[in-house]
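Report on the following structure.
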Amino acid sequence: MSAQLIYDLAPLGAIIRFSDGTRRPPERHRRKLAAWEHRNSGGRLIRKEAGRRVGNTVTGATITLHAGDYAGGGVVVLRVHRTFSVDSDLGFVVTERPRVGAVRVLSRPGEDAELVYLASSRTDAECWLQSHGYPDAVLDEVSADAPAADVMEGRTAE
């Protein structure tokens, strides 16, 4: 599946894997393995940003995945996000969709909202919001109405 299809069909909160199609090198080749892992990994889809025109420059649409967090002493020190253009040469696969009834906590209203937390229920989302303070946050419940990107591609959800 292309990055464009992920942009068009995958819901925020979905777990996405990406790959360049090459085989994983052996563990003993640390540099080759690190380079391979950079182009073959995954994360949670947290943002879809439409293309823009700024002056004479045109930027294409992008998708952003939350790849992981680095923490120390129970405090997140670094968040790792990976952003891909919709014309990326990598292959993408939706491995997990957010379950129906889950609640997305979005940073702000509108099309450029970013997923900041995926809660199991509205109560969980409201509790999380009280302790994390996003003043413009929007709660969005996951429904069964959203198109399934994995079904559209010819696969069934797991």
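Is at least one residue of segment 83-92 within 12 Å of the chain's Cα centre (by Cα) and in contact (Cβ under 8 Å) with a residue 60 or more places away in the chain?
Looking only at segment 83-92, we keep the residues that are within 12 Å of the chain's Cα centre (by Cα), and these are 83-84, 92.
From the residues that got through so far, the ones that are in contact (Cβ under 8 Å) with a residue 60 or more places away in the chain too are 84, 92.
Yes, that holds for at least one residue.
To keep it simple, each residue is scored yes or no on (1) modelled with pLDDT under 90; (2) surrounded by 17 or more Cβ atoms within 10 Å (Cβ to Cβ); (3) touching a strand residue (DSSP E or B) at 6+ places or on another chain (Cβ under 8 Å).
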| site | (1), (2), (3) |
| --- | --- |
| LYS32 | no, no, no |
| ARG44 | no, yes, yes |
| GLY72 | yes, no, no |
| GLY91 | no, no, yes |
| THR95 | no, no, yes |
| SER107 | no, yes, yes |
| LEU129 | no, yes, yes |
| ALA137 | no, yes, yes |
| VAL142 | no, yes, yes |
* **All positions within segment 1-23 that are over 24 Å from LEU106 (Cβ atoms) and touching a helix residue (DSSP H, G or I) at 6+ places or on another chain (Cβ under 6 Å)** => ASP20
* Does VAL151 satisfy being within 12 Å of ARG44 (Cα to Cα) and either at pLDDT 90 or above or part of a helix (DSSP H, G or I) (or both)? -> no
* Asked: Among the residues of segment 54-65 satisfying the criterion of being in contact with a strand residue (DSSP E or B) (Cβ under 6 Å, 6 or more places away or on another chain) and in contact (Cβ under 8 Å) with a residue 24 or more places away in the chain, which is surrounded by the fewest Cβ atoms within 10 Å (Cβ to Cβ)?
  -> GLY60
* Asked: Yes or no: ARG17 among the basic types (Lys, Arg) and touching a strand residue (DSSP E or B) at 6+ places or on another chain (Cβ under 7 Å)?
  -> yes
* Of the residues ALA61, ALA113, which is under 16 Å from VAL142 (Cβ atoms) and not charged (D, E, K, R)? -> ALA113
* Breaking point among (1) touching a residue at least 24 places away in the same chain (Cβ under 8 Å); (2) among the basic types (Lys, Arg); (3) in a loop (DSSP other than H, G, I, E, B), for ARG104 -> (3)
* May I ask you to list the residues in segment 2-30 that are on the phi > 0 side of the Ramachandran plot and either surrounded by 15 or more Cβ atoms within 10 Å (Cβ to Cβ) or within 14 Å of the chain's Cα centre (by Cα) (or both)? => GLY13
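For segment 1-53, which positions are under 30 Å from ASP112 (Cβ atoms), in a loop (DSSP other than H, G, I, E, B), in contact (Cβ under 8 Å) with a residue 40 or more places away in the chain and not hydrophobic (A, V, I, L, M, F, W, C)?
SER2, PRO11, GLY13, ASP20
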* To do: Would you check which residues across segment 107-127 are among the small types (Gly, Ala, Ser), outside any strand (DSSP E or B) and within 22 Å of ASP69 (Cβ to Cβ) and list them?
  => SER107, ALA113, SER120, ALA125
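The values are calculated or read from the model by the stated rules, or taken from the named source; none is laboratory data. For clarity, every value in this text was computed on a predicted model and none was experimentally measured. When we count neighbours, we look across all protein chains shown, and the Cβ atoms used for this are built from the backbone with ideal geometry, even at glycine.
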